[in-house]
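Since every read-out is calculated from the coordinates, none of them should be taken as a lab result. Note that the coordinates shown come from a computational prediction; the quantities given were computed from them, not determined experimentally. Positions of Cβ are generated from backbone atoms using ideal geometry, with glycine treated the same way; all protein chains shown enter the neighbour counts.
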Amino acid sequence: LVGELANVGAGNPGRKALDMLDIGRPDMNFVEMARGMGVDGERAEDCEGLIRALGRANADRGPYLIEAVL
């Protein structure tokens, strides 16, 4: 994104402009975003957690988000 800012001739962007282009801040919580839209979900951080999450997702009758951070 910073490269695109340079491509449009923005010159020397300030801290606020760079902050708006940093997609790592704040950390995205996809499970909470899904819950905000009425979708259950969970975060799996290892293989065992992923297996458990897949079991719960399979038992759920609706959409189910698994954020797999392995």
Practice problem: For Pro13, state whether it is surrounded by 12 or more Cβ atoms within 10 Å (Cβ to Cβ) and in a loop (DSSP other than H, G, I, E, B). | Solution: yes
Quiz item: Can you name the residue in the stretch 16-54 that is charged (D, E, K, R) and in a helix (DSSP H, G or I) and is also surrounded by the fewest Cβ atoms within 10 Å (Cβ to Cβ) among such residues?
Solution: Lys16
